[in-house]
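Notes follow once the structure below has been shown.
The values are calculated or read from the model by the stated rules, or taken from the named source; none is laboratory data. Everything numeric here is computed off the predicted structure, so don't read it as measured data. FYI the Cβ positions are ideal-geometry reconstructions off the backbone, even for glycines, and counts take in every protein chain you see.
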Amino acid sequence: MGSAAGPLRGADLASTMLERITATASHADALKELRTAFPESPLAVRVAALELLRRRGAGEAPHIPR
């Protein structure tokens with residue numbers, strides 16, 4: 001069991017990141033928010049969280065190409 005003050009890992013980190021960016025207006029805003037909130041996390045981890053958000057919301061608003 002981890003410490004409350006210890007670093008977040010795995011599913012906890014992903015869940016925390018998703019909670020942080022769920023209400024953002026754009027992908028750029030989401031990445032900016034993640035960079036501010038998790039400066040120690042590599043870009044790849046922040047992009048993976050953004051991709052999880054995109055996948056979870058995929059059923060809500062389908063992409064209709066022009």
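Quick notes on this structure:
- R46 modelled with pLDDT of 85 or more, touching a Phe, Trp or Tyr at 6+ places or on another chain (Cβ under 7 Å), in a helix (DSSP H, G or I) and surrounded by 11 or more Cβ atoms within 10 Å (Cβ to Cβ): yes
- Taking the range 10-26 as the range and being part of a helix (DSSP H, G or I) and surrounded by 13 or more Cβ atoms within 10 Å (Cβ to Cβ) as the test, the residues that pass are L13, A14, S15, T16, M17, L18, R20, I21.
- Whichever residue in the range 27-39 is surrounded by fewer than 14 Cβ atoms within 10 Å (Cβ to Cβ) and in contact with a helix residue (DSSP H, G or I) (Cβ under 9 Å, 6 or more places away or on another chain) and, among such residues, is nearest to L53 (Cα to Cα): D29
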